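The values are calculated or read from the model by the stated rules, or taken from the named source; none is laboratory data. Just so we're clear, the structure is a prediction, and the values are computed from it rather than from any experiment. FYI the Cβ positions are ideal-geometry reconstructions off the backbone, even for glycines, and counts take in every protein chain you see. These accessible areas exclude ligands, DNA and RNA; they are computed on the full protein's heavy atoms, side chains included. Shrake-Rupley method; radii C 1.70, N 1.55, O 1.52, S 1.80 Å.
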Amino acid sequence: MTEPIQIRMGGYGPPKTSFSRALKFIGDRLEAELGDRVSVKYVWNIMDLGYRGEDILWLVESGVLSLGYQSTSYQTDRIPELGFADLPFVFRTTAQARAAIDGSLGAYFTQKIEEKANYRILGYFENGFRKISNRLRPVHLPDDLKGMRIRVLPSDIQVKTFELLGAVPLKWDLTEAIAGVKAGTIDAQENPFSNTVIYGVHKFHKFHTVTNHFYLSRPVFLHRDSFDAWPKDLQDAMRAAVKDAVILQRELAIAEEDEAKRAILAEGCEIAEITPAEHDRFAAVVEPVLAGFRRTYGDAIFAMVPRA
């Protein structure tokens, strides 16, 4: 009897997250369609095994895991074009951002990633718009961030953005960031509400601001050597399962954000919604970041974002 094809999927969050539930959707679909030809196993949170959040990248690229997800920011040192996704205030609405990621912008990112890394990219989960939380004071304007030590993702563009806003950005891995929040060695962090609650940050940060400064996606990475060696019907089944899982994950993410917002308020925290005028103040301060990217990579990539 032929041994089943081993498919190992992993992430860096509890089983209840939209990302983990999307992985389970993929696995269930494959098992239903292919039966004992495949054997699917999961590692919901690699950090539970002593890995760092960023380790998901090499775990997939080396084939230890067959499939994983990670924000594009973690690849910007290697693939600088992905820094476009880190530019502040590029997207105004979720619909606009999704249209770009599902269209020419996402196709461009996929091309650049597959040119330089041992992956197949089959879709993009939604990490969504990011908000600022901190332990010091309410944030309504850039001046309110002055001097705050804030954890950012490993992206020079994110670093430059928060430097312009007057903060002190720290490129820390998630494991370090969670420890820093609990210890009070960092003042602030930025994440969707769902991540803020999943990692317990709202128990240490009272002040939350809906800045929506970045919108991030998480590519679904597959180990290319393994994927390319699979029978075509398994490749097709995986592509279709990931496509539907992306739709599911995005739906779950909306509900997750609403639930997380309620949890933040229930903890006694404050949530500030910035006004259009305040938004424009933030956007004006960080405009040099966009201008610098445009000088390096031209206007074509900006044209891949449809109008809001």
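Some observations on this one:
- Members of the range 134-165 found to be among the polar types (S, T, N, Q) and at pLDDT below 95, listed by number: S155
- The residues listed here are E81, E61, E3; of these, the one that is touching a strand residue (DSSP E or B) at 6+ places or on another chain (Cβ under 8 Å) and either surrounded by 16 or more Cβ atoms within 10 Å (Cβ to Cβ) or at pLDDT below 95 (or both) is E61.
- Residue within the range 187-195 that is open to solvent by 30 Å² or more (accessible area, probe 1.4 Å) and at pLDDT 95 or above present: no
- Figure legend. Inter-residue proximity from the range 252-272: first residues closer than 26 Å to F125 by Cα, second residues acidic (D, E) and not in a helix (DSSP H, G or I), beta-carbon distance below 9 Å, spacing 6+ or different chains. Indicated pairs: A253/E126; I254/E126; I264/E270.
- Any hit, the range 26-40, residues being touching a residue at least 24 places away in the same chain (Cβ under 8 Å) and within 24 Å of D173 (Cα to Cα): no
- Restricting attention to the range 57-66, the residues that are under 12 Å from R8 (Cα atoms) and within 17 Å of the chain's Cα centre (by Cα) add up to 1.
- Pair list, Cβ < 7 Å and 6+ apart or interchain, from the range 86-113 residues that are outside any helix (DSSP H, G or I) to residues that are small (G, A, S): F89/A283; F91/A97; R92/A308; T93/A308
- Of all residues in the range 136-167, those satisfying the criterion of being in contact with a helix residue (DSSP H, G or I) (Cβ under 8 Å, 6 or more places away or on another chain), on the phi < 0 side of the Ramachandran plot and not aliphatic (A, V, I, L, M) are R137, P138, H140, P142, R151, P154, S155, D156, Q158, K160, T161, F162.
- Selection from the range 288-304 of residues that are under 14 Å from Y108 (Cα atoms) and in a helix (DSSP H, G or I): Y297, F302, A303, M304
- Among the residues of the range 41-56, the ones that are free of Cβ contacts under 8 Å to residues at least 24 places away in the same chain and within 16 Å of the chain's Cα centre (by Cα) come to 1 in all.
- Considering (1) open to solvent by 10 Å² or more (accessible area, probe 1.4 Å); (2) in contact with a Lys or Arg (Cβ under 8 Å, 6 or more places away or on another chain); (3) more than 20 Å from I247 (Cβ to Cβ), the lone condition that K146 does not fulfil carries the number (2).
- Of all the residues in the range 260-275, those that are in a helix (DSSP H, G or I) and over 21 Å from A97 (Cβ atoms) number 5.
- Residue check for V168: modelled with pLDDT of 95 or more, more than 23 Å from R98 (Cβ to Cβ) and open to solvent by 10 Å² or more (accessible area, probe 1.4 Å): yes
Residue-wise test of (1) open to solvent by 10 Å² or more (accessible area, probe 1.4 Å); (2) more than 23 Å from D102 (Cα to Cα); (3) in a strand (DSSP E or B).
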residue	(1), (2), (3)
K182	yes, yes, no
V197	yes, yes, no
H202	yes, yes, no
H205	no, yes, no
H208	no, yes, yes
R218	yes, no, yes
D225	yes, yes, no
A240	yes, no, no
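- Flag for I178 being free of Cβ contacts under 8 Å to residues at least 24 places away in the same chain, open to solvent by 10 Å² or more (accessible area, probe 1.4 Å), closer than 21 Å to G11 by Cα and of a type in the set (A, V, I, L, M): yes
- Among the conditions (1) outside any helix (DSSP H, G or I); (2) out of contact with any Lys or Arg (no Cβ under 7 Å at 6 or more places or on another chain); (3) more than 28 Å from F282 (Cβ to Cβ), G128 misses just one, which is (3).
- Restricting attention to the range 244-259, the residues that are open to solvent by 70 Å² or more (accessible area, probe 1.4 Å) and either in a loop (DSSP other than H, G, I, E, B) or in contact with a strand residue (DSSP E or B) (Cβ under 6 Å, 6 or more places away or on another chain) (or both) add up to 0.
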